[in-house]
1. To the nearest 20 debye, what charge dipole does the range 92-134 have about its Cα centre, counting +1 at the Cβ of each Lys and Arg and -1 at the Cβ of each Asp and Glu?
2. In a Gaussian network model over the chain where Cα atoms closer than 10 Å are linked, find which of CYS217, CYS107, CYS54 has the largest mean-square fluctuation.
3. Using 32 Å as the Cα-Cα cut-off, could you pick out the over-long pairs in LYS60/LYS264; LYS51/LYS218; LYS68/LYS108; LYS33/LYS153; LYS218/LYS301; LYS24/LYS302?
4. Find, among the GluC sites (Glu not before Pro) in the range 277-386, those assigned to loop by DSSP (not H, G, I, E, B) with at most 13 other beta-carbon atoms within 10 angstrom.
5. For the chain, give the percent of accessible area contributed by carbon and sulfur heavy atoms, probe 1.4 Å, rounded to a whole number.
6. Could you size up the charge dipole of the chain around its Cα centre, putting +1 on the beta carbon of Lys and Arg and -1 on that of Asp and Glu, and report it in debye to the nearest 20?
7. Which of the three applies to the range 240-393, rounded, prolate or oblate, going by the alpha-carbon gyration tensor with a ≥ b ≥ c and a/c under 1.5 meaning rounded?
8. For the chain, give me the percentage of DSSP beta bridges that are antiparallel, rounded to the nearest 5 percent.
Amino acid sequence: MKILSVNAGSSSLKFTLFEMPEEKVIVSGTFEKIGLDSSIYTIKYNGEKIKKECILNTHKDAVNVLMKELINMNIIASYDEIEGIGHRVVQGADKYSKSVLIDEGVCKDIVEFTSLAPIHNPANLTGIESFKEVLSNVKQVAVFDTAFHQTMKESEYLYPLPIEWAKKYGVRKYGFHGSSHRYISEYMRDYLKSDSKIISCHIGNGASICAIENGKCKDTSMGFTPLAGLMMGTRCGDVDVSIVPYLCEKLDITATELVDKFNKESGLHAVTGVSSDLRDVESEYLKGNQRCILGLDMYSKKIVNYISMYNTLLDGADCIVFTAGVGENSPIVRALVCDKLKAIGVEIDKNLNEETFGRFGEISTNNSKIRVFVVPTDEEVMIARDTFELVGE
Ligand code: ADP
């Protein structure tokens, strides 16, 4: 059965077509700059990558081009061969603790939760509607970023604010990157052949850490929005909220404008003054750039803080897993983090750490009290798995 996994952004649409249940990737690609003067799309198929420019006014145009390309490339003979489409939806609030088949009610909820995810939910819905217009008979599934974190207890998800604000306004911790943390949890369960206590560190441009026990999220570092928690590429993570009115006055800007700066002009990018891309920061760090040394010190300490906290919450973790762009590919960040975790008995093997990137590997020594792994995440396959399960029912 062919299942399409989709991640629609405000001007982009990423897709992966899977053969299920084999989980074989048939073709994948990205449409970018949708709605702008000139759009680009790339398609990866059979080890080759094609890149084309065209004009795509809407996401529906992108879906039409995608379907025509699939036919032209002889990947499918007719549109009916696609039997299910799974969409990443960022915010499912406290209503969705798992993926669901999309109907009108689900679409209405995605709209309703827009106030909680003003950039992402409308874009995700545009993706759903565009596919519905082009492939009207195909079942679609919503896979929520927040769903995995719905197992957090009140004591973890509530903020110490008037309790009615959580009920009336939905002000609470939701957590994000749920599909990635769930992938890690399932991967480790298969690998270790048992459930365990995992600290899953999804460190990419956006970054979050999740404490997982027996396949369930106990706590996570992102909060009401993906701005909370760790220091990230361009996001500041946790800061004292009293900074907001103070800086709004000093900079003569609104709170919304300031939060936009917290999202887009802070984090590694701001502290290093070099880049939000860790590769650039690392190359300057290795040359002794003081701001990059400071930036990576802060960046790794925030990760250490959350790992230490979650080790206590889990009453002793069995393993720490590094994943996503940085977690999978940066021995430097992993070493900076793990070297600060000696107090809780973490010890990594320098050589194993340095030779593990972009692939699975265990990087801790036999003496380490907590095993440390690198696991490439796969959010697309999680979307395909849920879609296959729900469409097949
Ligand atoms: P997101 O999905 O949040 O955009 P990714 O998980 O794709 O982020 O991670 C992107 C980040 O991963 C890049 O900003 C870069 O800093 C980092 N990264 C990717 N490859 C490497 C590498 N080889 N070495 C160090 N960092 C890397």
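The values are calculated or read from the model by the stated rules, or taken from the named source; none is laboratory data. All of these numbers come straight from a predicted model, not from anything done at the bench. Cβ placement follows ideal geometry from the backbone for every residue including glycine, while neighbour counts extend to all protein chains displayed. For accessibility, only protein heavy atoms count, side chains too; no ligands or nucleic acids. Shrake-Rupley method; radii C 1.70, N 1.55, O 1.52, S 1.80 Å.
1. Values: 4 positive and 7 negative charges, 26 e Å.
In total the dipole reaches around 120 debye.
2. Ranking CYS217, CYS107, CYS54 by mean-square fluctuation puts CYS54 first.
3. Working: LYS60/LYS264 28 Å; LYS51/LYS218 42 Å; LYS68/LYS108 30 Å; LYS33/LYS153 40 Å; LYS218/LYS301 22 Å; LYS24/LYS302 37 Å.
Pairs exceeding 32 Å: LYS51/LYS218; LYS33/LYS153; LYS24/LYS302.
4. Details: sites: GLU282, GLU284, GLU328, GLU347, GLU354, GLU355, GLU362, GLU379, GLU380; in loops: GLU347.
When the GluC sites (Glu not before Pro) of the range 277-386 are filtered for loop state and at most 13 Cβ neighbours within 10 Å, nothing remains.
5. Of the solvent-accessible surface of the chain, carbon and sulfur hold 50 percent.
6. Numbers: 44 positive and 55 negative charges, 115 e Å.
So the magnitude is around 560 debye.
7. On the way: a/c = 1.75, a/b = 1.27, b/c = 1.38.
Oblate.
8. Values: 43 of 63 bridges.
Bridges in the chain are about 70 percent antiparallel.
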